[in-house]
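Step one of this worksheet: look at the structure below.
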Amino acid sequence: MRLRDELTRLNRLSRSLHRERELEPLLDRLLETVTGELGFGGAGVLFRGVAGVALAWRRFARAADRSRGLRDIRNTPPSAPRFLQRLGHGETQLLTREEGRELEAPLRHWPGAVAAEQMLVVPLVGRNRVLGALAVDNRRGGPSFSDDDRARLEVLVHQSALAIENIRFVDDLRRLRAPSPRADRLAALGRLAAGVAHEIHNPLVSVHTFLQMARSKRLEADDEFWTEYHALACREADRIRRLVDSMARLEPGCAAPPGRAEVFDPGALAGDVVTLLRDEADRAQVMLTLERDPETPKIRAVQSEIQQVFLHLLRNAIHASPERAEVRVRVFPDRGGDAVGVEVNDRGAGISEEDLERIFDPFFTTRAPGGGPGLGLMTCHRIVSDHGGSIQVRSREGQGASFCLRLPCGIRAGQERSDRVGLTGRSVGYSRATGVGDDPAGASLPRQE
């Protein structure tokens with residue numbers, strides 16, 4: 001009966017150890033079991049170093065304050081060769097005060113440092129190697145270690161070693177699966193290069209064809225070639241110029257070119273954009289609604305650029321919405337009236353967590369080929385940042401998405417006039433969140449155009 005109870009207890013303790021998923025909680029549970037449930041005076045865990053030779057103290061039982069004195073004792077092959085060799089062979093070793101003079105130099109201090117008569121050192125034997133050891137002592141005047149004590153501890157320590165190896169294996173898998181920052185940067189650079197090549201190649205074909213034909217057409221009176229085809233080549237060359245200009249602005253700290261900043265009502269501008277996109281929304285059977293807080297202040301900004309941001313976010317929300325869904329726009333004062341908040345919410349399919357990390361990257365798009373180059377949200381982010389504002393995204397798959405802008409008013413006391421300025425390009429960076437929050441509308445993946 002006693003043997004069965006003992007086996008049942010050891011089995012229960014083993015299961016509790018294997019439930020742990022982090023190393024430090026596992027070691028704490030092991031030490032609490034040894035000093036609490038098994039009733040030994042104190043305990044500590046040692047691990048082998050990186051080279052697998054030296055032995056260093058890693059963790060002590062919380063109640064074993066005296067054990068801290070052991071931490072500074074160095075246990076290396078030159079100082080304790082016999083002890084470490086036996087440990088490497090998986091042997092349990094008993095250290096006593098009585099044989100102190102016979103022990104190797106570091107080990108003489110072990111029992112005395114914790115005021116114990118005996119200390120039992122049980123190796124943590126893994127699948128292929130010894131990981132370290134569990135040291136248990138009888139500092140509270142307890143009896144000497146018996147054969148049963150040794151057997152119980154060896155079973156418990158063996159299960160602990162397996163649990164430690166499992167945790168280390170899982171940690172290694174996590175590190176292998178975690179993308180490195182350098183790999184992420186190289187992948188982003190690859191996507192950027194591929195996107196630039198694709199976007200430049202198509203218009204370049206038109207320009208190249210025109211130039212090739214121009215030599216043979218130079219003496220011909222071909223009105224279609226010199227008017228329509230020439231105009232097409234010019235448009236395509238301008239398309240390349242705009243693309244290169246957009247890419248140049250990706251450089252950190254690069255300011256937008258000077259624009260005409262003026263004081264205007266962002267709510268009225270949002271109303272104009274909603275009116276402009278009404279027919280497009282009707283064709284998609286999507287309802288557009290606008291909520292304007294009458295207390296919303298005016299802002300000083302480049303109106304055409306802010307209009308571009310509104311247009312892009314609303315158009316994306318319309319395209320992402322199912323039929324008979326609602327796209328809601330809200331304009332309101334933010335942070336005590338020194339800024340304006342603008343939210344564009346839809347009830348589309350939402351944005352996956354993986355896509356949330358990339359939606360502002362150049363050339364990233366979820367649309368089918370031909371649906372757009374994927375520069376829209378990048379451009380929106382640049383414009384908002386150039387105005388000293390920020391853009392946030394809240395989304396969850398299946399629950400829509402919400403794009404939230406914060407635009408500083410930028411108006412000094414008494415300033416109500418238009419002025420040509422060069423925006424500083426001060427970037428307050430965007431942030432991403434995966435929760436939709438309290439707004440049931442949420443917001444879905446506006447696919448970049």
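Quick note: the coordinates plus some simple rules give every number you see, no bench work behind them. Just so we're clear, the structure is a prediction, and the values are computed from it rather than from any experiment. Ideal geometry is used to build each Cβ from the backbone, glycine not excepted, and the neighbour counts take in all protein chains shown.
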FRET efficiency for Glu323 and His230, using Cβ-Cβ distance with R0 set to 45 Å, rounded to 0.05: 0.55
Förster radius 60 Å - calculated FRET efficiency between Thr289 and Gln212 (Cβ-Cβ, nearest 0.05): 0.70
Furthest towards positive pole of dipole, His319, Ala339, Thr296, structure part the range 281-347, Cβ charges: His319
For the range 83-155, convex hull of alpha carbons as volume per residue, Å³: 88
